[in-house]
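What follows is a set of notes on a single structure, which appears directly below.
The values are calculated or read from the model by the stated rules, or taken from the named source; none is laboratory data. The model shown is predicted, which means the values in this text are computed figures rather than measured ones. Using ideal geometry, Cβ is built from the backbone for each residue, glycine included, and neighbour counts are taken over all protein chains shown.
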Amino acid sequence: MSAAPLALSGRLWLGLMLVFLYAPILVMAAMSLNASPFYQLPFEASTRWYAKLWTNREILAAAWRSVWIALAVAAIATLIGSMAAIALWRHAVPGRRLLQALLFPPIAVPWLITGTAMLVFFFGIGLDRGSPAVILGHVALALPYVIVVVTARLQGFDPTLEEAARSLGARPLTVTLRITLPFLAPGIVAAALFAFAVSFDQFVVSYFLARPGDTTLPVLIYTAIRKGFTPEINAISTIVILVSMVLMLLVARLARFGGER
Amino acid sequence: MADRGERAATGRALAMLAPAYLWLLFAVFLPLAAMAWFSLLSDLPLRGREWHLTLANYRAFLDSPAYPALLWKSLRIAAVVTLLCLVAGFPCALVLARVIRGRSREALLLLVILPFWSNALVRVFSWTILLRPGGVLDAALSAVLPGEVRLGLAFTETAVVIGLVHSYVPYVILTAYLALQAIDQSLIEAARALGAGRLRILRRILLPLALPGLIAGAVLVFVPVAGSFMEPRLLGGRMGTTFGTVIEDQFVAVFNWPLGAALSFILLAVVLGILAAASPALRRSLG
């Protein structure tokens, strides 16, 4: 068939693209296991950089800070984001379209602009740079994603279930806790993981809002790369990308969204 | 009675919406407004400092030849990156949507999207390892080709473009895939029955119908790339000064926040203009 060469070259192109997407990451991971601090070849396997991570207090502190900030962001964004998603879906709220449109700017405006704007505003109201400011900013960035993921799950929900419960005398809170939330659970878990990932991987906004000296992991990595360099950065970067990929795999499994935003 | 119940329901809904939207108001919309205000100040409104309202920060943009040139450079890089993402991404989307079927399609799509949702900074960092002089790419090419190969890509604009395409091409693949997948198969069968060749089907049916998806993808690439500063810094070195890095400098190095705010706002205006121009296509493909 004449279709074969075209389809074959298409597959080949897709394969090349996957190499392009993954090769740098795999090379970085390999180099984190190379004994030479300057990426010298030939390759000599060693786990010394991973061992050194455990003695690098700065990196450990930043990693710990990144994790608990992401946990706080996931908890807050998932709670208030799910509430908003349910409200938007259940009620014909006046101005619903506007409310949905308002979710777009936090995603669409370049983070450089959002981040510097937050810095300016928080400074203006006397909130210094530091972890509370970072959490405030991250939650705002994660909220639209949480609302979108939970809303996507709600699309498959039959509202008559709620009506049935209500007509049998259940109070609104009971309906939410016993009917709506159990159905939503996978979507909410996916949203929480997503929010965690948004915060854990966020660099730009943290860069402007974190206090120099106690930063998050991505900010520390950025500063280390620019300062010149410590080979442990390879190791911690490899761990970071592994964590973020595993998180997103879980999200994809739970939310079953072919990657939609 | 029904009216009162309805009003109570609306009240409950508003109570559930309030935390999220107040949060957005406080952390996104008020800051953007504050930035507009800051961009009109002559100095930081700190105690003991004189400040007044002025348009001088915007005039500084126009008066200095450097700022418009850098804005232009950022927009040019964004355009090149967007174009490359479209050219490289569309065939992938086409293959995923029309050639590969079943479970392997799902797996491949996930494989394409996965890097996009992973840590952007680390991915850019991984390119610095690959591209550094005498680095892995040079070594690999030297092993295959005769002689010492030195690509000399580290700290060039090309390196910045490569890193940015790497960061954003999954966006285009995703939006183009969603558009292509929505195309009614019977349209293609009809065209084929009428004797249209593959290229003709591609040009007359697939491309036009996928266009909103491609435009959405293009916008979603162009906007963040125009405001990028981390990628140019790490991959471009001294060649990597862009409008984004100049804004970054105003906030973290020079501490001229009012000028930084004005430059941010100019960038925001450009970006919003582009978003507004593309919004019909965006709505069609994402809505």
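Within the stretch B:35-45, the set of residues being farther than 15 Å from residue A:137 by Cβ and facing chain A (nearest Cβ under 7 Å) comprises just one member, B:38. Checked against the criterion of being under 21 Å from residue A:87 (Cβ atoms) and either surrounded by 19 or more Cβ atoms within 10 Å (Cβ to Cβ) or under 16 Å from the mean Cα position of the chain (by Cα) (or both), the candidates A:203, A:194 yield just one match: A:194. The sole residue among A:65, A:97 that is touching a Ser or Thr at 6+ places or on another chain (Cβ under 8 Å), within 30 Å of residue B:227 (Cα to Cα) and not polar (S, T, N, Q) is A:65.
When residue B:104 is tested against (1) surrounded by 18 or more Cβ atoms within 10 Å (Cβ to Cβ); (2) under 30 Å from residue A:7 (Cβ atoms), only condition (1) is not met. In the set (1) out of contact with any helix residue (DSSP H, G or I) (no Cβ under 6 Å at 6 or more places or on another chain); (2) within 11 Å of chain A (Cβ to nearest Cβ); (3) modelled with pLDDT of 85 or more, residue B:158 fails one condition alone, (2).
Restricting A:237, A:244 to those that are closer than 23 Å to residue B:232 by Cβ, modelled with pLDDT under 90 and facing chain B (nearest Cβ under 9 Å) reduces the list to A:244.
Taking the condition closer than 20 Å to residue B:121 by Cα, of a type outside the set (Lys, Arg) and over 22 Å from the mean Cα position of the chain (by Cα), does residue A:23 pass? Yes, satisfied. When the stretch B:113-145 is filtered for residues that are more than 19 Å from residue A:193 (Cβ to Cβ), within 7 Å of chain A (Cβ to nearest Cβ) and under 19 Å from the mean Cα position of the chain (by Cα), the ones remaining, listed by number, are B:121, B:123, B:125, B:127.
Looking across the stretch B:1-34, the residues that are more than 7 Å from chain A (Cβ to nearest Cβ), more than 11 Å from residue A:87 (Cβ to Cβ) and modelled with pLDDT of 90 or more come down to B:22, B:25, B:26, B:29, B:33. Of the residues making up the stretch B:76-112, those that are charged (D, E, K, R) and in contact with a helix residue (DSSP H, G or I) (Cβ under 8 Å, 6 or more places away or on another chain) are B:98, B:105. Scoring residue A:199 on the criteria (1) hydroxyl-bearing (Ser, Thr, Tyr); (2) touching a residue at least 40 places away in the same chain (Cβ under 8 Å); (3) under 12 Å from residue B:122 (Cβ atoms) leaves a single failure, condition (3). None of B:173, B:205, B:201 is within 12 Å of another protein chain (Cβ to nearest Cβ), out of contact with any strand residue (DSSP E or B) (no Cβ under 6 Å at 6 or more places or on another chain) and more than 30 Å from residue B:268 (Cβ to Cβ) except B:201.
Cβ-Cβ contacts under 6 Å between residues 6 or more apart (or on different chains), taken from a first residue in the stretch A:127-150 that is within 10 Å of chain B (Cβ to nearest Cβ) and under 16 Å from residue A:200 (Cβ atoms) to a second residue that is polar (S, T, N, Q) and assigned to a helix (DSSP H, G or I), are listed as A:138/A:199; A:146/A:78.
Of these, A:90, A:57, A:97, which one is within 29 Å of the chain's Cα centre (by Cα), within 13 Å of another protein chain (Cβ to nearest Cβ), of a type in the set (D, E, K, R) and surrounded by fewer than 13 Cβ atoms within 10 Å (Cβ to Cβ)?
Answer to the selection: A:97.
Considered as a group, the residues in the stretch B:238-273 that are surrounded by fewer than 17 Cβ atoms within 10 Å (Cβ to Cβ) and under 21 Å from the mean Cα position of the chain (by Cα) include one that is farthest from the other protein chains (Cβ to nearest Cβ), and that residue is B:239.
Within the stretch B:52-81, if we keep just the residues that are away from chain A (no Cβ under 14 Å) and closer than 26 Å to residue A:18 by Cα, the residue that is farthest from the chain's Cα centre (by Cα) turns out to be B:80.
Inspect all residues belonging to the stretch A:17-27 and state whether any of them is hydrophobic (A, V, I, L, M, F, W, C), out of contact with any strand residue (DSSP E or B) (no Cβ under 7 Å at 6 or more places or on another chain) and touching a residue at least 60 places away in the same chain (Cβ under 8 Å).
Within the stretch A:17-27 (the criterion being hydrophobic (A, V, I, L, M, F, W, C), out of contact with any strand residue (DSSP E or B) (no Cβ under 7 Å at 6 or more places or on another chain) and touching a residue at least 60 places away in the same chain (Cβ under 8 Å)), the answer is yes, since at least one residue qualifies.
Could you tell me which of the residues B:84, B:137 is out of contact with any Ser or Thr (no Cβ under 9 Å at 6 or more places or on another chain) and free of Cβ contacts under 8 Å to residues at least 40 places away in the same chain?
Being out of contact with any Ser or Thr (no Cβ under 9 Å at 6 or more places or on another chain) and free of Cβ contacts under 8 Å to residues at least 40 places away in the same chain holds for just one of B:84, B:137, which is B:137.
Of all residue pairs spaced 6 or more apart or on separate chains, those with beta-carbon atoms under 8 Å, a first member in the stretch B:177-198 that is of a type in the set (Lys, Arg) and a second member that is outside any helix (DSSP H, G or I) are B:198/A:2. Just one of the listed residues (B:120, B:79) is within 30 Å of residue B:266 (Cβ to Cβ) and buried (at least 20 other Cβ atoms within 10 Å of the Cβ), namely B:120. Residue count for the stretch B:131-172 under the criterion of being surrounded by fewer than 15 Cβ atoms within 10 Å (Cβ to Cβ) and β-branched (Val, Ile, Thr): the result is 1.
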